[in-house]
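Read the structure below first, then the notes.
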Amino acid sequence: MSFSARRLFLFAALAIASPASFAAVQSPALAARPDAAQFEFFEKNIRPVLATKCYKCHSTEADKVKGGLLLDTRDGVRRGGDSGHAVVPGDPGESLLLKALHYADKDLAMPPEKSGGKLPDKVIADFEQWVKMGAPDPREGEAVVVKKEMDFAKAREFWAFKAPHAEPAPMVADKQWPRTDIDRFVLAGLEARGLRPVADADRRNLIRRIYFDLIGLPPTPEEMDVFFKDTAPEAVAKVVDRLLASPQFGERWGRHWLDVARYAESTGKERNYTFPEAWRYRDYVIAAFNADKPYDQFIREQIAGDLLPAKDAAERNANLIATGFLALGPKGLNEKNRVQFEMDLVDEQIDVTSRAVLGLTAACARCHDHKFDPVPQSDYYALAGIFRSSKTFFGTAGGEGKAAQKNKNGTRLLTLADTESASTAPTPATASTPISPESQMAALAAEYPRRAAKFAKMSAAERTRVLERLKANGKLTAAPSSPTPAATATAGVAMGVQEGRPADCPIYLRGEIDDRGPSVPRGFLTVLTFGTKPVIAGQQSGRRELADWLTDEANPLTARVMVNRVWLNLFGDGLMRTPDNFGATGEKPTNLALLDLLATQFMRDGWSVKALVRSIVLSRTYQLGTTHDAKSYAADPDNLLVWRMSPRRLDAEAIRDAILAASGQLEPTPPHGSVVANVGDGYIGRGIRPSVFNFEARYRSVYLPIVRDFVPDVLAVFDFAEPSLVVPARDTTNVPSQALFMMNSSFVTAQSQALAKRLLSMTQYDYAQRITMAYMLTLSRPPTDAERTRADAYLRSAAEGSPPSEKAWATFSQTLFACAEFRYLK
């Protein structure tokens with residue numbers, strides 16, 4: 001957009017000012033009806049200027065009305081454009097029309113130079129006087145912008161709105177290199193540019209890459225030894241299949257989805273209240289990925305789980321918990337207007353659904369038709385009607401008692417069925433033997449006889465929560481049982497949604513709740529609806545129909561978006577490098593044919609994420625080395641054609657978990673609940689100390705408390721996903737604070753000491769072998785001769801003639817944790 005065009009657009013929007021409705025900002029100057037002299041002033045000094053300088057772009061006769069602003073009627077001037085009011089009668093300071101005429105802001109200056117430039121001072125003074133007197137205007141008629149209908153047939157010619165089509169694998173010159181069709185599509189792109197892929201990764205780097213990508217943990221020295229001894233052609237496939245079947249797969253890949261779902265355990269914003277039951281959704285996601293739940297079913301449950309059939313109470317609970325996807329977003333609890341709060345909640349639900357599932361920014365159509373994509377404002381409010389016809393239950397009521405911080409925007413939570421057998425399910429064999437909740441309750445009842453009756457009436461889930469809270473307060477030393485994530489859908493309460501009062505939603509002009517337009521029937525995005533539009537029954541919200549529409553194989557985006565996200569998490573970049581924007585302003589796919597091949601394969605394989613991951617990891621493309629090639633780099637510096645595997649830094653969770661794994665301190669058994677659940681309902685900063693969430697524990701990072709604005713330091717420093725946003729791809733930085741964290745963090749120091757103790761406890765190894773084990777545990781490789789010599793020299797100098805001390809081994813261990821190689825895959 002040129003500078004002059006941008007000025008014209010900004011002027012047309014005229015909307016940076018107050019979002020209040022015209023009625024709300026009316027001044028006393030409008031109390032009396034304008035007299036004949038005031039009307040004469042308008043006719044003589046204002047209307048001619050509007051007609052000669054503005055009507056070309058801002059009247060019903062314009063070829064295209066700019067910014068939705070009409071200046072040829074009184075109603076049009078006062079109603080304003082897409083983003084607000086051009087004139088606030090009686091208040092020149094708040095009238096953007098005057099700011100534009102004054103040329104105070106070059107970007108806002110109007111009329112533009114090509115239309116004669118700035119008006120004479122006398123004319124501008126007339127406009128100021130006119131506004132001060134109340135903007136008298138005798139022109140009748142409503143400001144109805146005559147919009148040109150969107151040409152959806154033409155819009156569907158855009159690549160993203162066409163159904164994925166699997167083309168035959170292309171012919172390639174080097175027929176020996178490809179192993180799969182993925183490789184053939186990649187190699188064809190390289191050969192077309194005269195390029196070649198680099199050599200395969202060596203087995204040591206490959207196995208480390210596969211472990212981190214699939215389960216987020218390094219291979220143990222024993223696992224690497226087994227792999228190196230297996231020389232069969234299917235050795236890699238056996239490792240991949242074992243990792244896909246491990247419970248750590250869900251912990252790794254579930255976290256990828258939690259980034260997209262903006263998972264957090266508090267409201268954020270001005271008043272940050274806890275979400276004590278958010279952990280249930282976290283565990284649902286982990287269990288879904290471990291079970292390889294078909295992705296289409298996974299989406300259906302999160303949009304409409306409460307409306308789906310269930311074979312038993314446990315499945316019914318899981319379906320309800322799944323709808324927490326729509327309840328987890330940030331909440332502006334300070335909003336006093338009930339309708340505004342409701343519409344902000346709906347807007348957030350539209351945004352997360354459209355971006356997470358469809359890769360489209362449909363929420364941009366709240367105030368006006370989408371500026372770039374074929375999403376009219378009517379489609380936005382068709383979706384809004386669906387979500388507004390549902391009730392969202394997220395809690396934050398503020399607890400009980402006189403001292404509780406009450407929150408009028410809070411809600412109750414959904415009640416789950418009591419499935420006693422699930423709540424007492426045995427823990428995995430790897431866990432230490434716990435004392436059962438019943439025996440602990442009996443002991444507590446004996447110690448607190450007045451509470452015995454209350455304990456007896458509690459459900460199993462309520463008992464567990466009490467035990468966890470007592471443990472957190474230091475009143476309980478024996479650890480309660482720790483069921484796996486799959487066993488957490490038991491009695492209690494959960495965040496989620498249910499059916500509300502079905503009703504269509506009006507279009508709120510410019511998104512203003514005081515400026516209602518006509519109502520629109522509940523429905524979906526027109527550009528992605530093919531054939532007969534689905535019908536939403538009058539007594540239903542439409543969420544069930546929305547869930548089916550999103551996951552219909554005719555929908556051209558759902559499979560593509562997920563496939564692209566999986567590729568991104570395995571390669572560092574997607575085939576479509578704007579993973580939450582498949583619209584006009586997003587980048588074009590680097591290999592559309594490959595993207596469509598994977599999308600159609602994904603649906604054909606029953607929407608299996610594990611099958612998709614397996615097919616990519618076993619391709620030769622994934623198994624390429626990270627070797628630099630000057631010719632390929634010169635032709636494709638961003639590696640869009642995938643001529644090598646780009647080196648990647650580990651994410652925050654993998655770095656922390658790898659440190660714990662190396663030190664031998666990683667607790668493999670998932671915790672029950674969350675630190676936030678133990679803390680309970682409350683207002684963070686007023687009653688709850690934020691420091692309690694910077695929690696040091698030995699279980700995997702996916703189970704750490706994720707509280708908005710108080711993400712644990714160990715995650716935040718390494719670019720953890722902002723939990724208030726949909727984050728399909730994290731930023732990756734390399735900044736001094738990260739190196740300083742590895743040098744000075746109490747967590748890293750403690751784990752370095754633990755690694756030193758672990759090495760010294762390996763009495764089966766001699767001094768030199770312990771140095772080798774230090775490298776194997778941290779970097780998944782033995783030291784080079786030069787590294788071994790340096791390590792030996794350091795340890796001996798620190799020992800001053802004696803055997804190296806634990807402190808010397810600890811500082812040596814910390815240097816390994818702090819080195820760049822520890823944090824990178826190659």
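The values are calculated or read from the model by the stated rules, or taken from the named source; none is laboratory data. Every value quoted in this text rests on a predicted model; they were computed, and no experiment measured them. Note that each Cβ is placed from the backbone with ideal geometry, even for glycine, and that neighbours are counted across all protein chains shown. Remember, those area values only see protein heavy atoms, side chains included, never the ligands or the DNA or RNA. Shrake-Rupley method; radii C 1.70, N 1.55, O 1.52, S 1.80 Å.
Taking 0.36 nm per residue of separation and subtracting the Cα-Cα distance, full extension of the segment from F747 to E40 would add 246.8 nm. For the residues V339, V497, a 1.4 Å probe over the protein chains yields an accessible-area ranking, largest first, of V339, V497. Each residue, W159 and A820, gets one label point 7 Å from its Cα in the Cβ direction; the gap between the two is 3.4 nm. Here the mean projected area of the convex hull built on the C-alpha positions of the range 104-255 is 21.9 nm². Starting from the Cα of M171, move 7 Å in the Cα-to-Cβ direction to define the label point; list residues of the range 591-605 whose amide nitrogen is under 15 Å from there. Within reach of a label on M171: no residues. FRET efficiency for the A584 to Q539 pair, using the beta carbon distance and R₀ = 35 Å, is estimated at 0.40.
The packing ranking, built from the mean of other Cβ atoms within 10 Å per residue, places the peptides 71-78, 663-670 in the order 71-78, 663-670, highest first.
Net charge near S608: determine it from the other residues with C-beta under 12 Å of the C-beta of S608, scoring Lys and Arg +1 and Asp and Glu -1. It works out to a net charge of +1.
Hey, with R₀ at 60 Å, roughly what FRET efficiency would D514 and A611 work out to, going by the Cβ-Cβ distance, to 0.05? Computed FRET efficiency for D514 and A611 comes out at 0.70.
Gain on full extension, evaluated as 0.36 nm per residue between S761 and S797 minus their Cα-Cα distance, stands at 10.8 nm. The equivalent ellipsoid of the range 747-826 has semi-axes of 18, 15, 12 Å, largest first, where each one is the square root of 5 times an eigenvalue of the Cα gyration tensor. Past the 27 Å Cα-Cα mark, which pairs from K371/K610; K64/K118; K154/K293? Check vs 27 Å cut-off fails for K371/K610; K154/K293. Compared with the direct C-alpha span, the chain from K311 to R196 gains 36.1 nm at full extension, assuming 0.36 nm per residue.
Normalised by 2.2 N^0.38 Å, where N is the number of residues, the C-alpha radius of gyration of the range 710-801 stands at 1.44. With one equal scatterer per alpha carbon and no solvent term, the Debye-computed log10 I(q)/I(0) for the range 263-377 at 0.11, 0.15, 0.16, 0.24 1/Å reads -0.44, -0.79, -0.88, -1.32.
Look at the alpha carbon pairs under 8 Å that are at least 6 residues apart: their mean separation over the length of the range 251-320 gives a relative contact order of 24 percent. With only Cα atoms counted, the range 165-324 has Rg and Dmax values of 21.2, 62 Å. From most to least packed by mean Cβ count within 10 Å, the peptides 206-218, 163-175 give 206-218, 163-175. When you count the other C-beta atoms within 10 angstrom of each residue and take the mean per peptide, 608-619, 512-523, 317-328 line up highest first as 317-328, 608-619, 512-523.
Label-to-label distance, T626 versus K64, with points set 7 angstrom from Cα along the beta-carbon direction: 4.7 nm.
Once you reduce the range 576-607 and the range 665-739 to the center of their Cα atoms, the two points are 31 Å from each other.
Applying 1/(1 + (r/R0)^6) with R0 = 51 Å to the Cβ-Cβ distance of A291 and K56, what FRET efficiency is obtained, to the nearest 0.05? Numbers along the way, then the final one.
Numbers: r = 62 Å, r/R0 = 1.21.
Calculated value: 0.25.
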